[in-house]
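Here the structure is laid out as structure tokens; the discussion comes afterwards.
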Amino acid sequence: MTQVPEVPVTNPQPSYLVTAQERVDEIRAMREKIPNFVIPSFKGERQRLTTAASVPPQFVEQVAMTIKNSEKLVAAGAADADRIRDLMNFAEAYDSVADEFEAMAGFVRHSVTVAKNTAGSYALTTYALAQRLAKRPETADLAPHVENMRISLGKKSRKAKAQPAPAPAPAPGTPAPAPVTPPSSTK
């Protein structure tokens, strides 16, 4: 009896869709780790917040100090000075986190563009090669594939040169222009 050697089982690499979803899940899990994380409730909300968000930090600190030292402001319902300072500390610290996320998003977009460019370049080179080979008798079987590639690329097939459109007819009641004859040269 002949024994068939066992083929070792290897774990295939996960697909890009699976690993991309894992990265998205990791990014979304970060939301829970960022204190004071707020999702905008409508599209233009961030723009609406910029006026008060752009006051100088020195102004905010001056207000916090005034609140801390004025019982009248506290009694009138002013915000807690410690809360104001905490929010400013958060904003200063996490601004760099937002910058890093934006940079990372740019790098991922660039990586996506590079991958599409490389794949597209390979495809266009192969298409050009297939077009040339399809014209040879020994590789004429490529012709239907070339046609399918052309269609999926969105290119129109070449047609014979179109005849120029006839000149529009003159409006009724308008005399036709006189034919132009080139002057004869007499030397």
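Worth a mention:
- The residue pairs whose first member lies in the range 148-161 and is aromatic (Phe, Trp, Tyr), whose second member is assigned to a loop (DSSP other than H, G, I, E, B) and modelled with pLDDT under 95, and whose beta carbons are closer than 6 Å, counting only pairs six or more residues apart or on different chains, do not exist in this structure.
- So residue 59, is it among the aromatic types (Phe, Trp, Tyr) and not in a loop (DSSP other than H, G, I, E, B): yes
- Members of the range 125-143 found to be under 18 Å from residue 153 (Cβ atoms) and hydroxyl-bearing (Ser, Thr, Tyr), listed by number: 125, 126, 127
- Which listed residue is surrounded by 10 or more Cβ atoms within 10 Å (Cβ to Cβ) and among the hydroxyl-bearing types (Ser, Thr, Tyr), from 19, 50: 19
- Out of 88, 65, sole residue that is surrounded by 10 or more Cβ atoms within 10 Å (Cβ to Cβ) and either aromatic (Phe, Trp, Tyr) or under 33 Å from the mean Cα position of the chain (by Cα) (or both): 88
Rundown of residues vs (1) under 30 Å from residue 59 (Cα atoms); (2) in contact (Cβ under 8 Å) with a residue 24 or more places away in the chain; (3) not in a helix (DSSP H, G or I), yes/no style:
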residue: 90; (1), (2), (3): yes, yes, no
residue: 96; (1), (2), (3): yes, no, no
residue: 104; (1), (2), (3): no, no, no
residue: 118; (1), (2), (3): no, no, no
residue: 121; (1), (2), (3): no, no, no
residue: 125; (1), (2), (3): no, no, no
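- Residue 55 being surrounded by 14 or more Cβ atoms within 10 Å (Cβ to Cβ) and either over 23 Å from residue 35 (Cβ atoms) or not basic (Lys, Arg) (or both): no
Conditions tested, residue by residue: (1) modelled with pLDDT of 90 or more; (2) assigned to a helix (DSSP H, G or I); (3) under 21 Å from residue 115 (Cβ atoms); (4) acidic (Asp, Glu).
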| site | (1), (2), (3), (4) |
| --- | --- |
| 13 | no, no, yes, no |
| 18 | yes, yes, yes, no |
| 28 | yes, yes, no, no |
| 37 | yes, no, no, no |
| 43 | yes, no, no, no |
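- In the range 73-83, the residues that are hydrophobic (A, V, I, L, M, F, W, C) and surrounded by 10 or more Cβ atoms within 10 Å (Cβ to Cβ): 73, 74, 78, 79, 81
- Looking at 120, 106, just one residue is within 30 Å of residue 33 (Cβ to Cβ) and at pLDDT 95 or above, and that residue is 106.
- Flag for residue 70 being surrounded by fewer than 11 Cβ atoms within 10 Å (Cβ to Cβ) and of a type in the set (S, T, N, Q): no
The values are calculated or read from the model by the stated rules, or taken from the named source; none is laboratory data. Note that the structure is a prediction, hence the values are computed from the model and not measured. For neighbour counting, all protein chains shown are included, and Cβ atoms are generated from backbone atoms with ideal geometry for every residue, glycine included.
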